[in-house]
Every structure is written in structure tokens, then in C-alpha cells.
Amino acid sequence: MQDAFHLLAAVLLPYAGALIACLLPARARTIAWLAGGTALLTLLMVLLGYADITAGQIPRVALPWAPELGLSFTLRMDGFAATFALMASGIGFLVVLYSRYYMSPDDPIPRFFAFLLAFMGSMMGLVLSANLIQLVFFWELTSLFSFLLIGYWQNLAAARDGARMALTVTAGGGLALFAGVLVLGHIVGSYELDDVLAAGHVIRAHPLYLPALILILLGALTKSAQFPFHFWLPHAMSAPTPVSAYLHSATLVKAGIFLMARLWPVLAGTDAWFWILCPAGLITLVVGAYVAIFQHDMKALLAYSTISHLGLITLLLSLNSDLAMVAAVFHTINHATFKASLFMAAGIIDHETSTRDIRRLSGLNQSMPFTARLALVAAAAMAGVPLLNGFISKEMFFTEALTAATTPTLLHSILPVAAALASILAVTYSLRFIHGAFFGPETDDLPKTPHEPPQFMRVPVEILVFACMVVGILPSATVGPVLDLAARSILGEATPDYSLAVWHGFNLPLVMSLIALAGGVVLYRLLYRHLNAGIDGTPLLERLDGRRAFDQVMVFISWRFARALERLVATDRLQMQLRLLVCIAFLAATLALLPHGLAPGGVELTRPDPVVALLWVVGGACAIAAAYQAKYHRLAALVMLGGAGLATCLTFVWFSAPDLALTQLLVEIVTTVLMLLGLRWMPKRMESASSGHILARLRRGRDLVIAAAAGLGLAAISYATMTRVSPDGISRQFLERAYTEGGGTNVVNVILVDFRGFDTMGEITVLGIVALTVYALLRRFRPAAESVGMPEQQQGEARDWLLVPAVTMRLLFPVIIAVSLYLLLRGHDQPGGGFVAGLMLAIGVLLQYMAGGTRWVEDRLRVLPLRWMGFGLLLAAGTGAAAVAFGKPFLTSYFAYADLGPLGRLPLASAVIFDLGVFALVFGATVLMLIALAHQSVRRPRPAPPPLVTARPEPAVAGEN
């Protein structure tokens, strides 16, 4: 349980901090302290787990989720996972500290830190997951929260576009990853990471290895911005600089690297692995470094340098060499330190000068000497200068490139040349970053007078730069143990001997390093005038624009293809859409039943009851009348439809299904009122010309045939099902276990909140989504001019006519509340429950709306449906999480009796708390839809939406060239 505390806390603490940040008052200092404390606690939890690893243990926790399906929430921390967790939490803490001084008090600070902490929790869940399906879940969460962080300044078009692009590419790759994981699990027979890592030979020998490999690498390459998916990363630079520092150094783009290294023991070692990854990494390495030189925006330069370094790591992973794997992990650690510090330095420059354009910056060494020295060391580490961490991992890269060149293939042979060329380019863009900003004559052409930032804003940069220096000077004593644990977690007994010594003698990799340093200086000198001439674009690559290609693809998919598909299957008339859905459902059922046939069972039929038969005749007549009246009068059709629903309700009563009857009755009431509110906004019925009467009759005849076929087909399936009795049916198990295991005598309710509680939670979640969708669709809806509400005088006359009913409705409201609570509390043992109780309370609010209108409901009752929905969903999920905390499967119910002495024994079941969550969400969702529809009843001027919070605008990032 101690291990479980470490791992669970490391994942859950950031989410808890994000939730609290959303609820606290918008005080920048308070929220910053909360975020910093949360990040620091997360780092401490990771350090506690790392201490267990150094003691020879592998912390692991498996919480049952759905044991019958083999699903559990599993976390494990080995040396490799701990390395990424330390980077994500450690640099995350430094980013939070830096953000405290970078973000403006005018920014929506709670939203920023909530998104940042939630992203941290998602990254922690990704690296600590011991189940591949669970890993994919957190993978997609990182895409979602990175979208929110990149688009944080939503008033900037560049931020919105960059966020959309990042989400489209990374989430699309996530879908490919999910498919690949499903194939991988099919091959192994398990999704547990330990089982997959132990089945390397089976996976590589399986016929489905190549499809699984391609799908998984699609997910990894899109996430890590590898060619040809690299274009999204530079356009994410409109995010706040702390976000860029975090996403580019230790988290988002490193997720793809983590996945490739995590699955390296089972997927690597084949020609397919090499020929997919090596070209992608090689092109990304060289092209990213080349384009970075010609970027004028400091963050854009760093973004392309990130792409290049990620290509370097991908190239190392592709070489199918154990030493290359060690070098890849080492460079991943080094890149996180110097890249985070460089982004923070760029943010300091932007914060103090209000510009990131290198062409405008000059001589900042005079006004910002400490920042200049910090940036100089970090850039030197990025360029691979000796006695800094980047130099050691770069020499390891050169060694592996030279070793790979001994293989007699063209691609292997060009690796040393490409490595040297990329290093020369890296020195060049590092020199431009430093020389362009800090050296040269001091300039007065800046939006702000530059000066050093607050001391604590510089502390994170100082810590990271100190790490670059210490690792570069004493690598074995500092990063050596961490790297060894990480490498052994991947390679196991095959971990090769390697040296982290600063000096390996005068050898060929050292010569390549010296050539790279000298060549970079010479190249920068040759390009100096061109770079400072104010010329936009990248020579030789002007026509290669990743964003333009992305936009063309999106236009084709979302416009041309979607429009063509819409013309084929869609229509703006509800009847035609319903006709298509009914036909598809009928066809699917028919195809499923054809191989097996459909025949009634052998249960002997009972004698028909004349009362029930008469009830069904009335219900059928109402249904037919509703269909007929829909042609002439929709209100009459709605009344007839209610009659058919009432007949269904009475049928449930007759067949001893009071829960269904009660639910059906209340649903009929709510839907009738909501449909009445929306009825007036439906489009006019299609009028048929005199020459088209025959076609109209044919259409109605066609609809009659479809409705009859679907109705009779459903009746036949129901009849065939109910005339069969299976000796092993599940109903008997529910009847026998409802009280002993669920603590309730109402079997229906016990099924809903206990045995099938997960289904119910999914259903209420969908209901909440539907309510939010209805509200979102109608909040900007404007009725047609001829459909406005009654004039004020007529409204007054209507209120006079409704005076007595209005008083009655308001007097009934406390009674309805009492009945609702009664239904809620008795639901576990008698007909009722949270769903019915929520509908009952919603009906009470509907009556108050009918009596006093929307304004009276909002002003007097002050119903806040979103809070009801949020509270209900959190309560339902919290009930399930509480079971997990006690080592039980998710949503396991606890049942016991409380001895109240003279009052007797009171039955208590945790499922009642879950039912309370259902009650709150159903009530909130129903009232939200009521408000959305009712606000259209009367046209009145609406206040203008509040202006978006004005954030400090950052310069637009130049597009990819």
C-alpha cells in the first residue's frame, strides 16, 4: 500500500490541484502557491518511488476496475518511467515557479494553472501506466490538455489555429496508436505492459507485426513532430512561453520518444523498424536544424531546434543498437535541461522587451548580463560545446553513426555525414540565438527598456543551467545512476558497457565535434548579412509549407468530402434523417437474424385480458392518430403521442413493472413540455402542389411501410424473446443477489446503481453531454421575425388568465420537492430512485416556468443547472473512486446496517450516494434544456457577451518555410 500511495499520489495530485484551482477565487498569488505546492508534492512522490527503485524494488499498484473483463487501473515505476516522471514533475515545478512571474495578473490565471496541472497529471499517468489501453487513454489526455494550453490566449487567431492543428495531428496519431495497441494486445493476448515486454519474439514473428508497428509508430511520430508530421510544432508557439518550455522539453513531444523507447525491446531489431524510423529521424534532424537558422522569432528558432533534436533521438532509436538506445535516453535527459532553460530565457527577453524578433534585439548583454550568461551556457550545451551535457551525448551520437556506417547500405553510409552536417547547423542556430540577442551594439528600438527580471523568475533557469554544467563536468557522478537505471529497465541483462567520461582521447568523434564547432562558426559568419537583412523565408525550401499542405488536406476532408457525404446521406429535415436511421437499424437487425432465423419460443401463452387488449387498442389508435395529425396539426399529434405513451405506462403497471411505469410517466411529462417549447421553432411542413399530390401520397405510403416493418419487426423480436425461458438466465441471479450483495429489495434500482452502475454512469454522462449540446446549439439561436413571442399586452392578459393555476403551481412546489426526496430515499427498496426523483424535481421547475416564466425561475429559484450537473457527475465518480481506494472494483457498493438503538437498525448502502449523483445530474440536465428552449419563447435584446480577457499579445510565429 505504500507503493500504491506513491504512484497514485503522483498521478492524482496534479488533477486534484487543477480542480481546486478552478474553484478558488481568481487571485494570482494564491493560485500560483497552490500550483507550486502541488507540483512540488508530485515531485516528492516521484522521488519516494525512485528511492524504492534504487533499493531494488519496482513499485506497482493494480486497482481492480472491471475484474470480470480483465481490466484494472495499473501503475508501475521502473527506472525508465522514473526518469521521465522526474523530468515531468521536476521541470514542471520549475515552470510553475517561472509562470508566477511571467503571467500577467490580467490573464485568467486559474484557468492557466488548472490546465497546466491537469496536463502534468496526464503525463504522469502516461509514463507510469502498466497497461497499454490505459497508456493510450492518458496519451489522448495529453493531446487534449496541450490543445487547451496552446490555445490559452484564445483571443489570438494564431493561438486558436495552432491549437487546432496540434490537436488534429496528435489526436489523429493517437487513434492510430490505439488501433496498433489493439493489434498488439491481440498478438500477445494481454494489454499488461509486463506481458507485452516479455513477448518480443512472439510479436516480431507474428504476421500482424508490421501493421501493429506502422500504427504504433504513426502515433509516436505525430506526437514527437517527426517528418512528415513536424509542421504542427512551430505553430504551437503562440502558447505562453512557460507552456512552450514545458511541452518542448520534458512532456508532450517527449511522449513519442517515451513510447518508442518503452516498446523498443519488442518492436525494434527488425529491418522494418529501421527503414521506417531512420529516414524520418534523419530528415527531421537535418531539415529542422536548417530551417531553425532562418527563423527570426526566438521561440520559432527553438521550436525547429526541438524538432531537430527529436529527430536525433529518433535516429538513434532506429539503429537497433543497445548503445544507441543508451545514447538516446541520455540525450533525452540533456535536451530537457537545456531546452527548458532556453525557452525560459526567451520568455524573459520577451517579458522585459516585449519582442522576440532577433532582428530587433541587440546588445542585451549590457542591460541583462545575468540572463545573457545563463542563455549563453544553455545555448552552448545545445550546440555541443565541451564540458557541457550536450557535448557528451553528441559524441555518443557520432560514435553510433560511425558504427552504423560499417553496414553496407547507402542509408547507413551517409549517417556520419548527416550527423556532422546537423551538428554544424546546430552550432549556427545556437550562435544566432546568442549573438543576435545579447551581443552587438545596444539598441533603443525596443517596445520596453530592458532590465533583469525578478530574481525568482531567473531561479528556474539558473537551476537548469547548473544541471547542464554539472552533468557536463561530472556525468558519471550526477546523471550516471539515473541513466543506468533507465537503460537497464529497457535492455535488462543486455545493457552494454558504456562510458560517460568527459575525455575519451583524441578520436574520430572528437574530430567531428571540432569540425562541427568550427564549421558552425564559419557558416554563421557567411550567413550573417543574409540573416540580418530582414529577408523572410528559408532558402531552397520556400515552396515547402507544411501548414499549407495541412490546410489543403483539412479543406478537402472537412469541406469537399464532408459536403459530398452530406449531399449523399444528410438532409435538413428531421423526418428524412429519422427515416434513414430507422432503415439502417432495420437492415442491421435483419442481416443479424437471417443466419439464425426468428421463431417463437415454447412458453405457453396466457389468455388475453380484454382490459389490456382495449388499452392496447386505445394506445394503437393514439399512435396512428399522431402519425395522421402530424400532417395537419403538430400540437394534436403531440397530444396523441402522449396518449400512446400513457398506454405504454399503464401496460408497465399491468405487468408489475412500477419502476418502468413511473419513469415512463415522468419522461412523458418532461418531453411533452420540452417538445411544446420547441414545437414553434420547427420548420414549416412541406407543402405539396396540386400536381404533386400523387408523389406526396407515395411518400406517405413509403413511410407507412417503413414504420410498419420496423414496428412489426421489433414486436416479433420481443415476442420471440419473451416466449423463451433460459435455465441459466441472468434475472434469477439478480433476484438472488440484489439484497445480499446490493443491500436493496428493489432489484431494478440495485441493477442500475450497483450491478450495472458503470453503465448508468456512462448514461448520465451522455445525458449531461446532450444537455450541454442543446444549450450550445440554442444559446445563439434567433427565432425568425414572424415567430417572436406575444406582445407585452397579450402576455399580461395570458398571465391574468393563468392567475389561479399559477398560484396553485407555486403552492405545489414544496410538495413536489418532498415527493422528489421521498422517491430518491425509497428507491433502493421500493419503486423510485435518483433518475425518477430528478425528473420529478425538474417537473416542479417546469411548473414554475409555466406559472412565472424564465425570468421568475432564474431570479427567484436561482437554479444553477451546470453546478447541479457537475456536482452529480463528481459525486457519482467519487463513489466509484471511493471503492477503488478500499481495494474494491470501481463502483463496488458497500452495504451495512446502522444500529440506532430504540429506533431499530437503519440500512445503509453506498449506492444511495451514487443514486444521489444520478438525481443531481438528471435534474440539472433537464433544467438546462428547459432554460435553453424557454429563452427562445420571447424575443428580447440580449446583452453583449463579455469581452475575452486581453492577454499580453505575443508576436505571431512565422509559418514554416
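Take GLY678 and decide whether it is assigned to a helix (DSSP H, G or I), within 21 Å of LEU847 (Cβ to Cβ) and at pLDDT below 80.
Yes: the conditions hold for GLY678.
This table checks each residue for (1) farther than 24 Å from ASP107 by Cα; (2) hydrophobic (A, V, I, L, M, F, W, C).
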| site | (1), (2) |
| --- | --- |
| ALA158 | no, yes |
| ASP161 | no, no |
| GLY173 | yes, no |
| ALA176 | yes, yes |
| VAL188 | yes, yes |
| GLU192 | yes, no |
| ILE203 | yes, yes |
| THR222 | yes, no |
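Only one of PHE397, PHE343, PHE294 is more than 16 Å from LEU425 (Cβ to Cβ) and either modelled with pLDDT under 95 or not hydroxyl-bearing (Ser, Thr, Tyr) (or both). Can you tell me which?
On inspection, the qualifying residue turns out to be PHE343.
Filter segment 598-621 down to residues that are surrounded by 13 or more Cβ atoms within 10 Å (Cβ to Cβ) and either farther than 17 Å from ALA715 by Cβ or among the β-branched types (Val, Ile, Thr) (or both), then give me how many there are.
2
Of the residues ILE769, ILE706, only one is surrounded by 11 or more Cβ atoms within 10 Å (Cβ to Cβ) and touching a Cys at 6+ places or on another chain (Cβ under 8 Å); which?
ILE706
Against the condition of a type outside the set (A, V, I, L, M) and in contact with a His (Cβ under 8 Å, 6 or more places away or on another chain), how does HIS351 come out, does it pass?
No.
For segment 220-236, does any single residue satisfy the condition of being in contact with a His (Cβ under 7 Å, 6 or more places away or on another chain), hydrophobic (A, V, I, L, M, F, W, C) and either free of Cβ contacts under 8 Å to residues at least 40 places away in the same chain or buried (at least 24 other Cβ atoms within 10 Å of the Cβ) (or both)?
No, every residue in segment 220-236 fails to be in contact with a His (Cβ under 7 Å, 6 or more places away or on another chain), hydrophobic (A, V, I, L, M, F, W, C) and either free of Cβ contacts under 8 Å to residues at least 40 places away in the same chain or buried (at least 24 other Cβ atoms within 10 Å of the Cβ) (or both).
Which condition does HIS504 not pass, out of (1) under 30 Å from THR83 (Cα atoms); (2) within 40 Å of the chain's Cα centre (by Cα), if it passes all the others?
Failing condition for HIS504: (2).
Read through the list (1) surrounded by 23 or more Cβ atoms within 10 Å (Cβ to Cβ); (2) at pLDDT below 90, then give the number of the only condition that LYS448 fails.
Going through (1) surrounded by 23 or more Cβ atoms within 10 Å (Cβ to Cβ); (2) at pLDDT below 90 one by one, LYS448 breaks only (1).
Taking the residues in segment 244-287 that are touching a Phe, Trp or Tyr at 6+ places or on another chain (Cβ under 6 Å) and free of Cβ contacts under 8 Å to residues at least 60 places away in the same chain as candidates, determine which candidate is surrounded by the fewest Cβ atoms within 10 Å (Cβ to Cβ).
Here the residue is ILE283.
What do you reckon, is GLY768 in the same structural domain as ASP829 (by TED's automatic domain parsing), closer than 30 Å to ILE931 by Cα and modelled with pLDDT under 85?
no
Show me the helices (runs of 4 or more DSSP H) found entirely inside segment 55-174 where at least 1 residues are at pLDDT below 90 and either among the aliphatic types (A, V, I, L, M) or under 30 Å from LEU215 (Cβ atoms) (or both).
By residue number, 109-128.
Filter the helices (runs of 4 or more DSSP H) completely within segment 437-525 down to those with at least 1 residues that are out of contact with any strand residue (DSSP E or B) (no Cβ under 8 Å at 6 or more places or on another chain), small (Gly, Ala, Ser) and within 30 Å of ASP297 (Cβ to Cβ).
Because the criterion is at least 1 residues that are out of contact with any strand residue (DSSP E or B) (no Cβ under 8 Å at 6 or more places or on another chain), small (Gly, Ala, Ser) and within 30 Å of ASP297 (Cβ to Cβ), the helices (runs of 4 or more DSSP H) in segment 437-525 that meet it are 455-473.
What pairs can you find where one residue is in segment 813-825 and at negative phi and part of a helix (DSSP H, G or I), the other is surrounded by fewer than 19 Cβ atoms within 10 Å (Cβ to Cβ) and aromatic (Phe, Trp, Tyr), and their Cβ atoms are less than 9 Å apart, with a gap of 6+ or different chains?
none
Kindly indicate whether any position in segment 315-332 is in contact with a strand residue (DSSP E or B) (Cβ under 8 Å, 6 or more places away or on another chain) and surrounded by fewer than 24 Cβ atoms within 10 Å (Cβ to Cβ).
No, segment 315-332 contains no residue that is in contact with a strand residue (DSSP E or B) (Cβ under 8 Å, 6 or more places away or on another chain) and surrounded by fewer than 24 Cβ atoms within 10 Å (Cβ to Cβ).
I'd like the full set of residues that are farther than 18 Å from ALA486 by Cα, more than 27 Å from the chain's Cα centre (by Cα) and not hydrophobic (A, V, I, L, M, F, W, C), limited to segment 319-343.
Passing the criteria: only SER341.
Of all residues in segment 245-271, which are in contact with a Gly (Cβ under 8 Å, 6 or more places away or on another chain) and within 16 Å of MET123 (Cβ to Cβ)?
Answer for segment 245-271, where residues must be in contact with a Gly (Cβ under 8 Å, 6 or more places away or on another chain) and within 16 Å of MET123 (Cβ to Cβ): ALA245, TYR246, ALA250, THR251, GLY256, LEU259.
Does segment 393-412 contain at least one residue that is farther than 14 Å from LEU315 by Cα, among the small types (Gly, Ala, Ser) and in a helix (DSSP H, G or I)?
no
The values are calculated or read from the model by the stated rules, or taken from the named source; none is laboratory data. Being a predicted model, the structure only gives us computed values, none of them experimental. Ideal geometry is used to build each Cβ from the backbone, glycine not excepted, and the neighbour counts take in all protein chains shown.
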